[in-house]
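In what follows, a structure is listed as structure tokens, so that the remarks can point back to it.
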């Protein structure tokens, strides 16, 4: 049986998140003190790089390499941004950290600033996360009052300040360049890349952008060493991953385990099995932009490389679905989400998502044709190949997966006008979207 190993969530439920004294009593600010009293910025970057830490926002880019790019880019002013715009449906791990252990992100942002040569940090928190904003702002004040933030931190020559920026409910602002645009007071739309934020980010200055879960690993890595962290997880995906599990399981919530857990293990161990009367049909992994996983992929180890086998880890959200889930209905709900959340900047995403959802609505209503399936495959391919950012590039994933793994069920809606799950409009049930 696989067991939890908590790094990101090690203090959750143990400390009072509103008391800096509790954080300090549980190794709080030890890493910062170690950095400022005995490590050069290059030393810090080297430790993060050797640890094998990769971005937990979904893309999995090596964190140490990103830090190195920013540190080596000249600039009179550099910035560190913590991406806390956790708007992926079903994902709430970052909220738990910000509400339950906000000082670990404050400390990590300061360390990141020291490593890359930045003196100012911003945390972009999802607008709906009112408690997260409140507790993080309180942590900033406490850190400043105790000499961990501001000028001459811990009596050193290093200065660093953090500002809180509230999001406005746009899913697209989880994309780092759209987030930067939003902080600058502009409409949240992705920038054309290159150049990348590492050289031309916030106000065109070198900028480091990491998400909450990524930064939450930093202090433990500094305290325990790169080798310690690299030994956890899989060869290509070091460390742990925080997953959120919900849907047709007996136990819903979050858990943190070494990289490499399978979906079956997640359901059996942390979901306490399928709910009474439910049989596993599929799982949506990694949020809306992830993958729809059929039963024959239940034993694929989930890490940054598992997408090659059809299982996307992404944000770590696991939605477990039973026999009463219709894949056509699920796909059209997802495509409607992407249609609504598209910023509209590029044609493939703006038009493609709308067109795909219209086709799926027709199939769900019993008026689809076999030609529609060819069109869905084409739209999914164009979304991936031609969209400007990750939203459009991954919006076609549900189309790909239902046509790859559940094609007979989709065809039944067209040929026999039959929704096997009995939830589409042709069965007499009202349409969801």
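Since every read-out is calculated from the coordinates, none of them should be taken as a lab result. Remember, predicted model here, so these are calculated numbers, not experimental data.
Among 317, 266, 395, which one moves the most in a GNM of the chain with springs linking Cα atoms closer than 10 Å? The residue with the greatest mean-square fluctuation here is 266.
Largest GNM mean-square fluctuation among 284, 145, 365, using the chain with Cα springs under 10 Å: 145. Evaluated at q = 0.07, 0.12, 0.13, 0.14 Å⁻¹, the base-10 log of the normalised Debye intensity for the chain, with identical point scatterers placed on the Cα atoms, takes the values -0.35, -0.98, -1.13, -1.27.
Compared with the dominant principal axis of the Cα atoms in the chain, helix 130-145 is inclined by about 10°. Rg/Rh for the stretch 275-433 stands at 0.95; both radii use Cα atoms, and Rh follows the Kirkwood definition. For the stretch 86-129, the spread of Cα coordinates along the three principal axes comes to 35, 17, 13 Å, biggest extent given first. What translational diffusion coefficient, to the nearest whole µm²/s, does the stretch 4-72 have by Stokes-Einstein, given a Kirkwood radius computed over alpha-carbon pairs, a temperature of 37 °C and 0.692 mPa s viscosity? It diffuses with D of about 233 µm²/s by this estimate.
The separation of the stretch 168-191 from the stretch 45-80, counted between C-alpha centres, amounts to 21 Å. With everything on Cα atoms, drop me the angle between helix 41-51 and the longest principal axis of the chain, reported from 0 to 90° to the nearest 10. Approximately 40 degrees, to the nearest ten. At 1.567 mPa s and 4 °C, plugging the Kirkwood radius over alpha-carbon pairs of the stretch 49-131 into Stokes-Einstein gives what diffusion coefficient in µm²/s? It diffuses with D of about 93 µm²/s by this estimate.
Out of every Cα-Cα pair that the stretch 245-286 contains, those further apart than 11 angstrom amount to 65 percent.
For the stretch 238-322, the relative contact order works out to 34 percent when only alpha carbon pairs closer than 8 Å and six or more residues apart are counted. Computed from Cα positions, the angle between helix 63-72 and the longest principal axis of the chain comes to roughly 50 degrees. The equivalent ellipsoid of the stretch 20-230 has semi-axes of 24, 20, 17 Å, largest first, where each one is the square root of 5 times an eigenvalue of the Cα gyration tensor. Over the stretch 39-96, what per residue volume does the convex hull of the Cα atoms give, in whole Å³? Taking the convex hull of the Cα positions in the stretch 39-96, it is 117 Å³ per residue. Mean-square fluctuations from a GNM of the chain, with a 10 angstrom spring cutoff on Cα atoms, peak among 198, 394, 269 at 269. Once you keep just the Cα pairs under 8 angstrom separated by 6 or more residues, what percentage relative contact order results for the chain? Averaging sequence separation for qualifying contacts and normalising by length gives 15 percent for the chain. Length, then width, then depth: along the principal axes, the Cα atoms of the stretch 238-322 run 36, 22, 21 Å.
When the P(r) is computed for the stretch 143-283, the part past 24 Å accounts for 58% of the Cα-Cα pairs.
Diffusion coefficient of the stretch 198-345 by Stokes-Einstein, Kirkwood radius over Cα pairs, 4 °C, 1.567 mPa s: 76 µm²/s.
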